1. Between helix 66-83 and the chain, what is the angle of the helix's C-alpha long axis to the longest principal axis, kept within 0 to 90° and rounded to the nearest 10?
2. Share of the range 454-554's accessible area from carbon and sulfur, percent, 1.4 Å?
3. Around A469, with a cut-off of 12 angstrom between Cβ atoms, what is the net charge of the other residues, counting Lys and Arg +1 and Asp and Glu -1?
4. Given a 1.4 Å probe and every protein chain left where it sits, what share in percent of the accessible area of the range 158-232 is carbon and sulfur?
5. Which order do the peptides 416-422, 161-167, 35-41, 548-554 take when ranked by the mean count of other beta-carbon atoms within 10 Å per residue, highest first?
6. To the nearest 10 degrees, how steep is helix 224-233 against the longest Cα principal axis of the chain, on a 0 to 90 scale?
7. Express as a percent, rounded to the nearest 5, the fraction of DSSP beta bridges in the chain (both residues included) that run antiparallel.
8. Whole angstrom only: what separates the Cα centroid of the range 88-113 from the Cα centroid of the range 500-537?
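The values are calculated or read from the model by the stated rules, or taken from the named source; none is laboratory data. A quick note: this is a predicted structure, and the numbers were derived from the prediction, not measured. Note that we place each Cβ from the backbone using ideal geometry, even for glycine, and neighbour counts take in every protein chain shown. In case anyone asks, the SASA skips ligands and DNA or RNA and just uses the protein heavy atoms, side chains included. Shrake-Rupley method; radii C 1.70, N 1.55, O 1.52, S 1.80 Å.
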Amino acid sequence: MSNIGSYQKRLLNFNWSLAEKELEYHDGDIINIGWYCSDRICLQGKGDRIALHFENFAGKERKYTFNDIRLASNTVGTLLTNLGLQNRDRICLFMDRVPELYFSFLGILKIGAVAQPLFSAFGDESLYVRLEDAQTRAIITQSKYLPKIRRIRDKLPFLEYIIVLDHTKTKNLENKEYAFYLEEIPAVEKMEIFPTKSESPSVLHYTSGTTGQPKGVQHVHYSLISQYLTTKWVLDLQDDDIYWCTADPGWVTGTSYGIIGPWSLGITQCVLDAGFSAQAWYRFIEKYKISMWYSSPTAIRSLMKAGNELAMSYDLSSLRHLASIGEPLNPEAVIWSQRVFGKPFHDTYWQTETGSIMISNFPGMKIKPGSMGKPFPGITGVILDQERFEPIKEAGKIGLIAFRPGWPAMMRGYCNNQEIYKKKFVGRWYLTGDKGSIDNEGYFWFVGRDDDIINTGGHLVSPFEVESALLEYPAIGESAVVSKPDEVNMEVVKAFITLKPGFLFNSELELDIMNFIRKRLSSLAMPQEIEYMDKLPRTRSGKIMRRLLHAKEWGEDIGDISTLEND
Ligand code: WT7
């Protein structure tokens, strides 16, 4: 039996106070995510349960109980206070997915400070821009990243503390640098947790920026209410589950559902701090008997590329429930997963700004491959007419995906950018910047980012639809579709593709692909050109950067590429 039971029944009289009750929170109470994810679980008698199974790239394992993470986060929190840091200070986490990152995240929240997680693979400039924008007061890191920070710290007058939490002794510390080895300092049994309230700032996330400049999205402690309930009803985490969220906490999925969701429910989770390889991932699932797996379309497509035989050679029978986030999940991927794992991936849709899942395929609900599913109870989701900003009643008509603000995890603002924040709201609606449609059964279908949609001779073409058709062709590994200039139609469709191993791109193959997709697409949506690439440009969080391909076609400036994955 799934946690949500009947989606239809949950819609009736839904109220977020349901989550408040389960978390024993009343309006006006103290609410601190750090406490909820560790101390409270221990108070419930689950202190001895494993909170974290960790494995690094070299196969070294470490495991921690909920009591261990309670103590370790107390220790980090106390250490930060002793250094002189305090509530509302912004403290950056610049680390690999090591256990210290997780302890520090909770420790920062416990002292009422703001956690600003940044992906450790960021280069100097990307790091600098985000620390400067947030006026970050301290950065917690590993010794291997010190050189990067040293190169930019003189340009950062607000940065007062560079704190190294590591296993190797850091020698030759310089000005403003402090180093600690957690296992050598006595664990702090009791600490005074800062009495944060619902609107106290908690996490500051920089968006991945597939379009435009990176923006700091500010969240508050009350977000816990949404994150807790969506984890329970969408990811369906149950007491004996072993959970794996493959996202890095540098991105919102890695905090909302890679820390806060599972731990506020007292669930065991696994973390693999290593790059992607299909073998390593399957081995990890087999070894830890992962039962709930939250991953991304990019990862799923890479697994598809690696072939069915590989998947079949591992015992993956522990998998009970699968979900996906981050990009459109192609129907082909849902069908593949059903074939190979015996279970479909359940697509979920949300944003850094929304803080928690907005639309999803709920456990037990009929899945329509290619659809994002339906809004979470309590969420009013609509498709707005582009000119009048009024909800479109007609099924299947494309418009702007928008939500009625007011759910607990909604962002409270962009850092230093009130103007852009205001532009996200029109009338009573929050605009996601995405386009989609709703079918006659209430399912949402993603069409594209506002600025990705191709307008060919006045007809709107969804890049996602064309990409999905291309992916059905056996030799194609990945695809990205953008517009290119055209004298007659203003814009026409152009496709970029990568091939699976063993295939060669030539005009014969191109013709065969064209013939194949012609049967699946309207003539308007047919690409005028297919270009082969070794690899598609993508952000470090795995999203294909269509913006870059688009700029190339239109001879435009490529803009900010600090989030481009370039290794
Ligand atoms: C944008 C948000 C929330 C964590 C990951 C991304 C796209 C996200 C889906 C989906 C189609 C999706 C949208 C959205 N997106 N999920 N299931 N189907 N598109 O967070 O970096 O803030 O990006 O990702 O365009 O607006 P983000």
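1. 70 degrees
2. On the way: 2380 of 4650 Å².
Carbon with sulfur: 51 percent of the solvent-accessible area.
3. Details: positive: R518, K519, R520; negative: E332, E465, E467, E472.
That works out to -1.
4. On the way: 1770 of 3410 Å².
Carbon with sulfur: 52 percent of the solvent-accessible area.
5. Details: 416-422: 12.6, 161-167: 20.3, 35-41: 23.9, 548-554: 18.3.
The densest-packed peptide leads the list: 35-41, 161-167, 548-554, 416-422.
6. Taking Cα atoms only, the helix is inclined about 60 degrees.
7. 55 percent
8. One Cα centre to the other: 46 Å.
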